[in-house]
Amino acid sequence: MNRKYFIASVLGFIALCLVPVFTHNPYYIHLVETIMIYAILLFGLDIVVGYTGQVSLGHAGLFGIGAYTAGVLFLKVGAPFWVILPASIVVTGIFGAILALPALRVSGPYLAMVTMAFGTIIQILINEMTFLTEGPMGLKIPKPTVAGYKFTEESFYWVVCVMLALSLLVVHRVLRSQLGRAFEALRGSPVASDCMGVSVYRYKVYAFVISAGFAGLAGCLYAYSEQYISPNTYNNELTVMFLLAIIMGGRKTRLGAMLGATIIVLLPKLLDDLEAFRMVASGLAVLMLVGAVIGIARHRTTWQTMFVPVVGTAALTAFSFWLDNITDWRLSIFGLMILFVVYYLQDGIVGFARSLMGKTANSDNVIDLTAGQNQQGALVRATENGDGDLLVANQVLMQFGGLKAINQVDLKIKRGTIHGLIGPNGSGKSTMMNVLTGIYVPTAGDIAFAGRSVVGRTSSDIALSGIARTFQNVQLFGEMTALQNVQVGLHHTFKSNFLDVALHTPRYSKEEQAATERGMSLLHFVGLAQLANEEARNLPYGKQRLLEIARALALDPQLLLLDEPAAGLTAPDIKELVQIIRKIRDHGITVILIEHHMDVVMSICDTVSVLDFGQKIAEGQPAEVQANEKVIEAYLGGTAT
């Protein structure tokens with residue numbers, strides 16, 4: 001963690017703990033307590049929304065499950081607080097898994113609908129199961145008693161503070177670990193994640209269960225904080241507010257979650273008071289103007305971009321002083337402010353502030369660029385060499401409706417060679433890549449890799465068995481740094497679990513250090529070490545191609561599939577690429593190369609296969625293929641030389 005960020009976090013936590021010291025007003029203490037409880041839930045929700053990119057509208061239901069678990073265990077069983085707290089987390093996590101297992105097989109609006117339906121069902125069950133929940137009457141829960149001490153409003157506030165700090169620590173550790181990188185990779189490119197050995201479905205469920213656990217913790221604390229819970233509390237309006245809090249505060253940042261929680265708790269209350277509304281509007285206008293000036297001075301934005309936000313906040317301020325009564329306008333104003341933030345600040349308030357200051361979400365993840373530079377000899381682990389066939393494709397057919405994209409194709413790829421796969425556009429080359437890596441299941445035929453069939457296996461399973469690939473259209477995780485992209489490829493090297501990460505055990509620390517060093521060594525291998533801390537989306541196109549290769553090599557593959565790696569590259573970049581491919585082959589990695597640059601194919605390939613309209617029309621050494629009349633007619637378009 002960045003030192004400045006750590007100091008700011010500690011000072012902020014101390015300030016929160018001192019709230020009961022500076023004010024004994026129970027209303028204000030309870031207000032801040034509610035913000036902290038909501039923030040705990042938002043820490044978890046941000047894992048699903050901000051990192052995996054899923055839209056969940058079921059977290060109010062999970063929040064309710066955590067609260068009612070606490071209420072039922074206390075009233076029906078008489079369980080103590082130290083049992084109820086972990087039980088609420090576990091029970092809610094189980095319900096999260098029950099929701100996630102079927103729901104996460106869909107995505108986008110369908111997932112939102114399924115999770116919203118789940119929240120509605122939970123609210124109905126809570127209302128109808130009177131034998132357990134007392135139905136509409138609700139449950140009353142006194143402040144907890146531990147070791148004979150009964151907590152007061154003030155002392156329970158500090159319990160919530162401690163839970164907030166622990167939640168922040170655990171979430172921070174999880175999201176900076178291999179788990180967090182896996183979650184973020186799912187948002188960046190699900191296809192690439194699967195091909196890096198990170199199962200999309202499995203880690204979506206994993207993220208949802210962890211998120212549900214935080215919702216359960218928040219729900220339990222909320223039940224003790226309110227001392228009364230009822231079904232109407234956990235409705236769809238609340239879950240929409242949670243989602244808006246993440247959007248307004250800023251995804252992928254704990255500060256954004258805290259800010260979002262503060263907004264959804266305080267803003268509706270501030271809009272009940274005209275003077276408070278005027279102060280908020282004036283402060284917002286001043287902050288927007290100052291931010292615009294700073295951003296323009298730093299060349300981070302322009303007046304054209306900032307004109308509407310600055311004028312809009314100024315108009316809101318003027319409107320606030322024009323009003324005599326806010327009661328009839330509060331809901332409209334609240335809605336307009338939300339729309340303003342969502343439309344003009346798509347990365348949330350924290351993201352907007354970072355952009356003006358020239359910082360990114362990865363600014364705190366800077367690593368030592370010298371790590372791994374002395375491991376040049378161990379960049380790629382040599383695999384078994386020999387003259388045998390590493391991959392054998394037999395009569396492979398890939399049919400889409402009536403179109404045969406691959407038609408009865410045979411391939412034999414010898415170990416330790418560079419095997420070219422060429423053909424005109426639409427000849428089936430990339431389709432063959434997708435079949436070999438499990439993205440498509442062939443209609444007929446068989447593919448054996450190292451003596452084992454890959455047909456019907458998942459992309460992540462195939463990747464972990466030793467087949468890595470790049471993509472025709474670059475599939476990097478754009479919001480992650482170059483090093484983090486490579487570390488996703490190293491996900492298979494981690495044996496540590498959630499508890500290891502949360503407790504920061506020696507096993508996890510050792511694995512993380514090894515992954516950093518190995519990742520840096522791979523970046524050195526492709527010449528990107530000095531760009532390790534740069535977000536992948538900011539790299540030049542040629543460097544992005546090289547980063548994809550480094551990430552694929554992180555899987556320690558026996559077979560590397562390169563899908564048009566020279567496409568769009570300049571002549572110097574192509575020369576560098578050719579040298580890297582040769583080095584990969586020299587380290588014992590077998591390569592299948594799809595490429596339209598014939599000079600590249602003819603200079604480095606040992607064997608070349610040619611596809612046309614899904615069929616193999618020629619195969620042999622580069623010179624033989626180049627002289628083949630069918631190839632000249634179908635692809636090369638010239639005369640043999």
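Bear in mind that the values in this text are calculations on the coordinates, not laboratory data. Remember, predicted model here, so these are calculated numbers, not experimental data. A quick note on method: Cβ atoms are made from the backbone with ideal geometry, for glycine too, and the neighbour counts reach across all protein chains shown.
Tabulated data
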| item | result |
| --- | --- |
| Overall form of segment 2-132 per C-alpha gyration tensor (a/c, 1.5; a/b vs b/c) | oblate |
| Three-way shape label, segment 3-235, alpha-carbon gyration tensor, a/c 1.5 | oblate |
| Convex hull of segment 1-75 built on C-alpha atoms - directionally averaged projected area, nm² | 7.5 nm² |
| Cα centroid of segment 102-131 to Cα centroid of segment 448-510, whole Å | 32 Å |
| Loop-located trypsin sites (Lys or Arg not before Pro) in segment 467-549, at most 16 other Cβ atoms within 10 Å (DSSP) | K495 |
| Segment 3-235: relative contact order as a whole-number percent, Cα under 8 Å and 6+ apart | 41 percent |
| Estimated dipole of the chain in Debye, rounded to 20 [Cβ of Lys and Arg +1, of Asp and Glu -1, Cα centre] | 780 debye |
| Reported label for calculated semi-axes √(5λ) of the Cα gyration tensor in Å given (i) 39, 30, 26; (ii) 44, 30, 25; (iii) 53, 28, 23 | (iii) |
| Out-of-range pairs (alpha-carbon distance over 23 Å; input K412/K495; K404/K429; K543/K583; K414/K495) | K412/K495; K414/K495 |
| Per-q log10 I(q)/I(0), segment 155-242, q = 0.11, 0.24, 0.25 Å⁻¹ (Debye; single scatterer per alpha-carbon; no solvent) | -0.45, -1.16, -1.20 |
| Whether segment 251-300 is rounded, prolate or oblate, judged on the alpha carbon gyration tensor where a/c under 1.5 counts as rounded | oblate |
| Rounded Å value of the spacing that divides the Cα centres of segment 227-296 and segment 37-99 | 22 Å |
| Over the chain, relative contact order from alpha-carbon pairs under 8 Å, at least 6 apart, % | 15 percent |
| Residue-averaged 222 nm ellipticity for the chain, from DSSP H runs of 4+ at -39500 (n - 2.57), nearest 500 | -18000 deg cm²/dmol |
| Under the span-like rule (Cα at least 27 Å along the axis, Kyte-Doolittle mean at least 0.5), DSSP H helices of the chain | 26-46, 81-103, 109-128, 153-175, 200-226, 274-297, 303-322 |
